[in-house]
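Novice: Mind looking over this structure? Questions follow.
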Amino acid sequence: MAKFDFTKRDSFGSRIGVIAAAAGSAIGLGNIWRFPYVAGENGGGAFLLIYVGFIVLIGVPVMLSEFTIGRRAQRNAYGSFKLLKPKQPWYLIGLMGIAAAFMILAFYSTVAGWTLEYLINAISNNYAGKTPEQLSNMFDSFVSLGFKPVIFQVIFMFLTAWIVYSGVRHGIERYAKILMPILLLIIIVLGIRSVTLEGAGEGLNFLFNPDFSKIDTSTVLEALGQAFFSLSIGMGTLITYGSYINKKENLSTTAFEVSAADTAIAILAGVAIFPAMFAFGVEPNTSGEGLVFKILPLIFNEMPGGFAFQLLFCFLLIVAALTSTISVLEVVVAYFSEELGVGRKIATVIAASSIGFLGIFCTLSFGPLQGLDLFEIFNFTSANILLPLGGLLIVIFVGWFLGRQNVYDEISNSGILKVRLYKVFLIIVRFVAPIAIALVFMHGIGIIRI
Ligand code: PHE
């Protein structure tokens with residue numbers, strides 16, 4: 001089998017390219033589709049507070065740890081651990097990440113397929129004048145169809161594979177730099193419309209006024225899982241992207257900026273969704289995975305220029321989803337091509353088609369295969385179990401095993417950068433994050449009870 005030539009690895013060309021790629025990975029359906037419905041099901045304000053706490057305390061340090069590992073080793077997620085600690089089983093983190101990538105991409109592409117249906121409906125102006133009940137029925141009957149959602153999912157997987165395969169990621173990054181700020185702008189406009197609807201105040205109250213009586217241990221685990229999922233951490237995506245980062249970049253500011261942008265977009269999505277939800281009389285925990293697809297059209301319907309805004313929004317949502325799916329597929333493709341010696345193109349075809357096949361079962365979980373519920377199994381297991389577990393091992397690795405000097409060299413670019421809060425980072429990766437993740441995790445899945 002042909003050996004991979006590591007001198008010919010790809011890398012990001014510029015600082016803005018790094019940010020665009022990492023933010024592109026982080027910002028996606030996790031912010032706009034997953035955050036609102038998970039927050040809604042878990043009580044709103046208190047969930048948001050815990051979620052943001054986890055981002056700051058655990059998310060940013062885990063992200064920085066992943067960048068550190070990847071850039072140090074210049075390898076895929078599995079190969080990085082193999083290279084840095086050859087005789088120890090840390091590479092299992094990489095393998096776990098690859099398993100997580102399979103699960104995430106399988107169910108994520110289901111939702112990505114739904115965004116294509118959303119686009120088609122927006123183009124045909126099918127949402128105009130619809131009541132909340134009608135919109136809800138439209139969504140529910142579409143996802144239960146079977147054939148059509150599967151076709152859309154497959155189309156989306158093709159798009160993802162095509163981008164990874166033909167190496168136009170850099171082109172995508174260039175566009176993402178322009179398109180993502182526009183997405184941000186539309187979400188802000190949506191938010192303004194939403195909070196000015198009659199009866200919107202209750203929604204703001206729901207999102208920003210924490211009611212801790214609604215919190216239990218599973219909520220805390222959901223918040224941790226959502227933080228990991230949204231930041232794309234815990235499975236090696238950012239180890240892989242970190243391995244393409246130039247030695248001159250400042251890893252800590254990158255981690256900080258990407259996390260801040262990601263969190264801002266999730267909160268803004270909440271500001272757009274919840275006030276509208278209350279204004280239109282929809283209960284926060286009743287719509288499940290369909291929430292944004294049922295609510296957003298209602299807001300656009302109430303807006304001057306709503307038709308055009310909705311079209312643009314759908315298009316940008318698809319781009320945001322694509323910049324995330326390519327980062328997940330990249331984890332698997334980098335592993336296949338660097339470790340198994342398969343050419344990059346063949347690796348892409350094998351990975352995309354096997355994940356696509358799994359994904360079909362996720363999509364059918366809403367229709368003919370109801371009851372199998374692979375969608376929810378993958379969604380729950382990846383976000384709430386595999387990612388936190390991966391994150392736990394990653395901080396332990398960086399905090400205790402990678403070596404102080406190595407960590408310092410990588411984060412400070414061999415002493416050139418003054419890294420404020422470096423001590424805080426060390427304390428977090430050595431003590432705070434491992435203990436916090438372990439506690440939340442064991443509690444959430446019922447291993448311990450306090
Ligand atoms: N963070 C992405 C989103 O919010 C999803 C993702 C998870 C991407 C894990 C890569 C790895 O949409």
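Novice: Using the Cα centre of the stretch 6-444 as the reference point, and only Cβ charges (+1 on K/R, -1 on D/E), how large is the resulting charge dipole? Debye, rounded to the nearest 20.
Specialist: 1900 debye
Novice: I would also like to ask the following. Give me a comma-separated list of calculated 3J(HN,Hα) values for the stretch 57-63, in order, Karplus coefficients 6.51, -1.76, 1.60 applied at θ = phi - 60°, integers in Hz, x for any Gly or Pro.
Specialist: 6, 10, x, 4, x, 5, 4
Novice: Could you work out how far helix 45-54 tilts from the main Cα principal axis of the chain, as a 0 to 90 degree angle to the nearest 10?
Specialist: Once rounded, one gets 20 degrees.
Novice: Sticking with this structure for a sec: Please list 76-89, 416-429 highest first by mean number of surrounding beta-carbon atoms within 10 Å per residue.
Specialist: 76-89, 416-429
Novice: Could you pull out which residues in the stretch 20-59 have an amide N less than 14 Å from a spot 7 Å beyond the Cα of residue 205, following the Cα-Cβ vector?
Specialist: Correct set: 45.
Novice: Can you give me the angle between helix 344-364 and the longest principal axis of the chain, using Cα atoms only, in degrees from 0 to 90, rounded to the nearest 10?
Specialist: 40 degrees
Novice: Something else: Tell me, what is the percent relative contact order of the stretch 6-444, built from C-alpha pairs under 8 Å that lie six or more residues apart?
Specialist: Across the stretch 6-444, relative contact order equals 35 percent.
Novice: Would you work out which of 286, 89, 416 lies farthest towards the positive end of the dipole of the chain? Charges go on Cβ: Lys and Arg +1, Asp and Glu -1.
Specialist: 416
Novice: Then there's this: Where in the stretch 207-291 are there chymotrypsin sites (Phe, Trp or Tyr not before Pro) that are in a DSSP coil and have at most 12 other Cβ atoms within 10 angstrom of their Cβ?
Specialist: The qualifying sites: there are none.
Novice: Let me ask something else about it. Please list log₁₀ I(q)/I(0) at q = 0.29, 0.31 Å⁻¹ for the stretch 407-450, using the Debye equation with identical point scatterers on the alpha-carbon positions.
Specialist: Once normalised to I(0) and log-transformed, intensities are -0.94, -0.99.
Novice: While we're here: In Å², and per residue, what accessible area does the chain have when probed at 1.4 Å with the other protein chains present?
Specialist: Averaged over the residues of the chain, the accessible area is 39 Å².
Novice: Does anything in the stretch 238-276 have its amide N under 20 Å from the 7 Å Cα→Cβ label point of residue 412, and if so which residues?
Specialist: Within reach of a label on residue 412: 247-256.
Novice: State, to one decimal in nm², a quarter of the convex hull surface area for the C-alpha atoms of the chain, i.e. the direction-averaged projected area.
Specialist: Across all orientations, the chain yields a mean hull projection of 20.6 nm².
Novice: Another question about this same structure. Residue 15: accessible area at probe 1.4 Å, nearest 10 Å²?
Specialist: Only protein atoms counted, so the area is about 100 Å².
Novice: Could you list, in their original order, any pairs among 8/177; 130/214; 3/87; 82/423; 3/85; 8/423 whose Cα atoms are separated by more than 24 Å?
Specialist: Over 24 Å Cα-Cα: 8/177; 130/214; 82/423; 8/423.
Novice: In whole angstrom, note down how far apart the Cα centers of the stretch 299-367 and the stretch 115-190 are.
Specialist: The stretch 299-367 and the stretch 115-190 have Cα centres spaced 10 Å from each other.
Novice: Just to be sure I follow the definition: excluding the sites themselves, where is the longest run in the chain that has none of the GluC sites (Glu not before Pro) in a DSSP loop with at most 16 other Cβ atoms within 10 Å?
Specialist: That gives 1-197 as the longest site-free run.
Novice: Further, regarding this structure: For the chain, what does the helix formula give at 222 nm: sum of -39500 (n - 2.57) over DSSP H segments with n ≥ 4, over the residue count, nearest 500 deg cm²/dmol?
Specialist: -22500 deg cm²/dmol
Novice: Of the accessible area of the chain, with the probe set at 1.4 angstrom, what percent is carbon plus sulfur?
Specialist: On the chain, the fraction of accessible area on carbon and sulfur atoms equals 67 percent.
Novice: While we're looking at this one, here's another question. At R0 = 30 Å, how high is the FRET efficiency between residue 52 and residue 372 if r is their beta carbon distance? Nearest 0.05 is fine.
Specialist: 0.30
The values are calculated or read from the model by the stated rules, or taken from the named source; none is laboratory data. Here the structure is a predicted model, which means the values were calculated and not measured. When we count neighbours, we look across all protein chains shown, and the Cβ atoms used for this are built from the backbone with ideal geometry, even at glycine. For accessibility, only protein heavy atoms count, side chains too; no ligands or nucleic acids. Shrake-Rupley method; radii C 1.70, N 1.55, O 1.52, S 1.80 Å.
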